[in-house]
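One structure below.
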Amino acid sequence: MKSAVNSKLQLTVSMLIFSSIGIFVKYIPIPSSVIACARGLIGMIFLLLVVLVTRNKLSFKNIRNNLIVLLFSGAAIGFNWIFLFEAYNYTTVATATLTYYLAPFFVMLVSPFFLKEKLTLKQFLCLVGALLGMVFVSGMIQNGMPEADELRGILSGLGAAILYATVIVLNKKLKEISAYEKTVMQLGTAAIVVIPYIFITEDITKLEFAPLTVVMLLVTGIIHTGIAYAFYFNSMKDLKAQTVAIFSYIDPAVAIILSAVILKEKMDIYGIIGAVLILGSAMISEIQIKRKVK
C-alpha cells in the first residue's frame, strides 16, 4: 500500500513537471530544433547517471534486439519535440497542449491496421467528441479560419500529436527491454537525428546562448526530461496501466492553468468547451468498465 502511494506521488510530480515545459520553451529564444537536441542530450546523460548511481545495468543485448524500432521511435520523438515547441511559439500553450493530446486518438485510428486492435463504439464516439473539441479550441466556430500564425501553431501541434502516436505504436513493438534502456536510447537518438536537421535549417553561427538561455536549457533537459522521466518510470512499477493513463491528464489540465496564470493566455467559453470535450473524451476512452458476473 505504501509503495503504491509513493508511486502515485512520483507519478503526480512527473506530470506536474511535464505540464510546465511549455512555459519554459516560450522563454528560450533559440530555434525549436536546438531546444529539442539539447533536451535529448541532457536528458540522456542525466538518465545514464541515474542508472549508474542506482547500480542498474543496461542490457546491450536487449538494445541490439530492438535497435531498429528504437532508432525510428527515437527519431520520431526528436521531430515530435520540434513540432510541439513550434506549436508553443505560434499559438497559446493551452491550444498547443490540447492539440497534442489528440495523439491517443490517432493511435486508435491506426490500431486496427498496425496493432490488430478493434476500434470499439465507445472509442469511436470519444474520437468524434475530441475532434469536435478541437474545432472549438481552434476558434473556427466564433472567428472562422484561424490567422496564419495561429493556424501554423495548431498544425504544428497536430504534427506533434501524429509523431507521438507513431512513438506509441512503435513502442508496442518493443520486446524484453526495460524502461530505462528504451528511454536512454530514444533520447540519444532524438538528439543525434535532430543535429543534421539543425545544420540544414539553421545558421548556427548566428545562435546566441546567453547565460539565462543556458540555464533554461539545463532546466528543460535535467528537470523536464531527466528527473521527470526518472520519476515517471519509477512510478510505473507499482501502478496499473489505467491508473497511469488517468493520472497523465494532470499534465494538460495544469498546463492550461499555468498558461492562464503565468502567460495570461485566456480561454473563452468556446475554448473551455473544447478543452472539456478533448480531455473528457480522452479520459473516458481510457476507463475500463468491468461488468459484474452474476
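The values are calculated or read from the model by the stated rules, or taken from the named source; none is laboratory data. None of the values given here were measured: they were computed from a predicted structure. Using ideal geometry, Cβ is built from the backbone for each residue, glycine included, and neighbour counts are taken over all protein chains shown.
Observations on the model:
- Scanning region 228-251 for residues that are over 24 Å from Ala275 (Cα atoms) and outside any helix (DSSP H, G or I) returns Leu239, Lys240.
- Those residues of region 1-57 which are surrounded by fewer than 16 Cβ atoms within 10 Å (Cβ to Cβ), assigned to a loop (DSSP other than H, G, I, E, B) and not hydroxyl-bearing (Ser, Thr, Tyr), in sequence order: Met1, Pro29, Arg55, Asn56, Lys57
- Region 108-135 residues that are under 17 Å from Ile284 (Cβ atoms) and in contact (Cβ under 8 Å) with a residue 12 or more places away in the chain, paired with ones that are of a type in the set (Phe, Trp, Tyr) and assigned to a loop (DSSP other than H, G, I, E, B) (beta carbon under 8 Å, 6 or more apart): none
Every residue, every condition in (1) buried (at least 19 other Cβ atoms within 10 Å of the Cβ); (2) modelled with pLDDT under 90; (3) touching a Cys at 6+ places or on another chain (Cβ under 6 Å), yes or no:
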{"residue": "Ile63", "(1), (2), (3)": "no, no, no"}
{"residue": "Leu67", "(1), (2), (3)": "no, no, no"}
{"residue": "Ile77", "(1), (2), (3)": "yes, no, no"}
{"residue": "Ile82", "(1), (2), (3)": "yes, no, no"}
{"residue": "Pro112", "(1), (2), (3)": "no, yes, no"}
{"residue": "Lys118", "(1), (2), (3)": "no, yes, no"}
{"residue": "Lys122", "(1), (2), (3)": "no, yes, no"}
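- Set Val193, Val184, Val169, Val214: member being part of a helix (DSSP H, G or I), farther than 16 Å from Val93 by Cβ and touching a Gly at 6+ places or on another chain (Cβ under 8 Å): Val193
- All positions within region 199-208 that are in contact with a helix residue (DSSP H, G or I) (Cβ under 8 Å, 6 or more places away or on another chain), of a type in the set (A, V, I, L, M, F, W, C) and either surrounded by 18 or more Cβ atoms within 10 Å (Cβ to Cβ) or assigned to a helix (DSSP H, G or I) (or both): Ile204
- Matching option when the condition is closer than 30 Å to Lys61 by Cβ and either in contact with an Asp or Glu (Cβ under 7 Å, 6 or more places away or on another chain) or exposed (fewer than 13 other Cβ atoms within 10 Å of the Cβ) (or both), among Pro196, Pro211: Pro196
- Any chance Thr225 is at pLDDT below 90, of a type in the set (Ser, Thr, Tyr) and either over 19 Å from the mean Cα position of the chain (by Cα) or part of a helix (DSSP H, G or I) (or both): no
- Whenever a residue of region 264-286 is part of a helix (DSSP H, G or I), its partners that are small (Gly, Ala, Ser), lying with C-beta atoms within less than 6 angstrom and at least six residues away or across chains, give the pairs Gly274/Gly133; Leu277/Gly129; Leu277/Gly133; Ile278/Ala130; Ile278/Gly133; Ser281/Gly129; Ser281/Ala130; Glu286/Ala245.
- Region 172-186 - residue that is basic (Lys, Arg) and under 17 Å from the mean Cα position of the chain (by Cα) and, of those, modelled with the highest pLDDT: Lys182
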